Amino acid sequence: MAEQGRAGRLAVADQSVLAAFRAHPIVNRYLTVDIRKGDAWFAFLNEQLHRYPLDDRQVMPTRLGNAIRRFEEYGYDRYRLDSQVLWRELNAAVPDMARQQTDGARMSVDFFVSLLYGHLLVVAAAIADLAIGNTVRPWLVATTIAVLLPLTLLWYHLAVVATDEWAGAVRAMVNLGRHPRAAALGLTVPDGIEEKRTMWHLVSELVRTGFHPGQTALDTYRSTPEETGARGRPVPTQPTLPVARPSPAADDASPS
C-alpha cells in the first residue's frame, strides 16, 4: 500500500487507511523501516500474512494454530462450505491423488509436532533428574537440556512452514470435491456465487445441526430425474429461485 501510494497508484478508498497508518507513531516507524528493506522483505511479510486466517475473528493465540486455522476456514470463506463438517463427504468425493496429498502433508506437520513434544518431555525429565540430585553426570544432563531446548523452537518453525503444503492440499479438496459432492447429494450447483454460498451454507447446517424448517430452501437446488444423467450426476442448470427464502442462521465462527 505504501509503495502504491508513492507510485500514485493507490485507490482513493485506501488513501485514508494509509494516512491512518502514517499518523500512528509506532506503526509509522515500522512502515518506514519496511519500505527501506525493499521488495524482498515485503514478499517475506506477505508470505507470513498468508499463514493467518482472513477473518480476524478466527485468529488463534499461536502461529501454528493460525497456520492451520487459515485453511480450515477456506471453504467457508469462499463458498460457505464448512469443510470441517463436510470433511468425510469431501474426502469420499475427490480423486485418490488429492486424498494422498492431504494425508502426506498432514503427516509432515505431525512429525515435527511429535519431535517438539518428545524433546520437551526429555527436557522435563532431565530437569527433574537435576532437581532430585541423583544425577551421575550433571554436565551431560545440562548439555542435553541446552541442546534440546533450541531444537524445540526449530521443530515448531518447521511445523508452521509444513502447513503450507497441507493448506494447498485442503484447498484442492474443497475446490475439486464440492461439485462431485453436490452431485452425489442430488443437488445442482447454481451459477451465481451468492446462490452457491447459500446452498453450501444450507448443506453444512443440515449436517451440523440437523433438519429445521429453513432447510426446505434446499428444494430449490434439488435435481429432477430429467436433469440427472445416466451416472446419476446432475446436469448443471440454473435452478428456479423461490419468491422468498429464509436467510441461513448466523454463524459466528468458521469451520472448527
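Within region 146-176, the set of residues being of a type in the set (Phe, Trp, Tyr) and touching a Phe, Trp or Tyr at 6+ places or on another chain (Cβ under 6 Å) comprises Trp155 only.
Applying the criterion of at least 1 residues that are farther than 23 Å from Ala172 by Cβ to the helices (runs of 4 or more DSSP H) found wholly in region 40-127 leaves 63-72.
Taken together, the criteria place Arg9 among residues that are more than 30 Å from Ala167 (Cα to Cα) and either aromatic (Phe, Trp, Tyr) or modelled with pLDDT under 75 (or both). Only a single item in (1) of a type outside the set (S, T, N, Q); (2) closer than 14 Å to Leu158 by Cβ; (3) surrounded by 14 or more Cβ atoms within 10 Å (Cβ to Cβ) is not met by Val141, and it is number (2). Looking across region 88-134, the residues that are among the β-branched types (Val, Ile, Thr) and in contact (Cβ under 8 Å) with a residue 40 or more places away in the chain come down to Val94, Thr102, Val109, Val113. Consider His201 against the criteria (1) surrounded by fewer than 16 Cβ atoms within 10 Å (Cβ to Cβ); (2) modelled with pLDDT of 90 or more; (3) not small (Gly, Ala, Ser): it satisfies all of them except one. Which criterion is unmet? Here His201 clears every test but (1).
Scanning region 38-68 for residues that are surrounded by 20 or more Cβ atoms within 10 Å (Cβ to Cβ) and over 21 Å from Leu153 (Cβ atoms) yields Pro53, Gln58. Please work out which residue is nearest to Leu64 (Cα to Cα), limiting yourself to region 121-159 and to residues that are modelled with pLDDT of 85 or more and among the polar types (S, T, N, Q). This residue is Thr152.
The values are calculated or read from the model by the stated rules, or taken from the named source; none is laboratory data. Computed from a prediction, not measured in an experiment: that's the story for all the values here. Note that each Cβ is placed from the backbone with ideal geometry, even for glycine, and that neighbours are counted across all protein chains shown.
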